[in-house]
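Read the figures in this text as sums done on the coordinates, not as results from a lab. Note that the structure is a prediction, hence the values are computed from the model and not measured. For neighbour counting, all protein chains shown are included, and Cβ atoms are generated from backbone atoms with ideal geometry for every residue, glycine included.
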Amino acid sequence: MSNFAPSVPDALISVEALLASTREIVDQELKPLTVKIDLEGYYPEEVLRKLGAVGVFRQHLPAASAAGEHDMGAAVQAMA
């Protein structure tokens, strides 16, 4: 697994950077676990924490946006 988990939880990140980071984590760490998740009920806590560290789970919060407004589009894109 990669060591990709920046410790900048309060930093604002552009949607483009968020999606690039999300794709990298999903491609490198989550996709290889899909069979284990489906067949064994494995819970990928470490991967989910890395996604949280880049801001995937807070895009619906106004504080995650430089404009201080909700960005539901970014939230949906990140979760997709």
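So, counting K/R as plus one and D/E as minus one, what does the shell of residues with Cβ under 15 Å around L19 add up to? Walk me through the intermediate numbers first.
Values: positive: R23, K50, R58; negative: E16, E24, D27, D71.
Net charge around L19: -1.
May I ask you to derive the FRET efficiency for E69 and E46 from their Cβ-Cβ distance with R0 = 25 Å, giving the value to the nearest 0.05? Walk me through the intermediate numbers first.
Numbers: r = 32 Å, r/R0 = 1.27.
So, using R0 = 25 Å, E works out to roughly 0.20.
Between Q77 and T34, how many nm apart are label points set 7 Å from Cα along the C-beta direction?
Here the answer is 2.2 nm between the modelled labels.
How high is the relative contact order of the chain, in percent, counting Cα pairs under 8 Å that sit 6 or more residues apart? Don't skip to the answer; put the middle values down first.
Numbers: 78 pairs, mean separation 26.8, N = 80.
Normalised by residue count, the contact order of the chain is 34 percent.
Once both axes come from the Cα atoms, what is the angle between helix 45-54 and the longest principal axis of the chain, in degrees from 0 to 90, rounded to 10?
So the helix axis and the longest Cα principal axis differ by about 20 degrees.
Taking the radius of gyration and the Kirkwood hydrodynamic radius from Cα positions alone, what is the Rg/Rh ratio for the chain, to two decimal places? Walk me through the numbers before you get to the answer.
Numbers: Rg = 13.2 Å, Rh = 13.1 Å.
Radius of gyration over Kirkwood radius for the chain works out to 1.00.
So if R0 is 22 Å, what FRET efficiency would H60 and V26 give, r being the distance between their Cβ atoms, rounded to the nearest 0.05? All intermediate terms of the calculation are to be shown ahead of the outcome.
Working: r = 19 Å, r/R0 = 0.87.
Plugging the Cβ-Cβ distance into 1/(1 + (r/R0)^6) gives 0.70.
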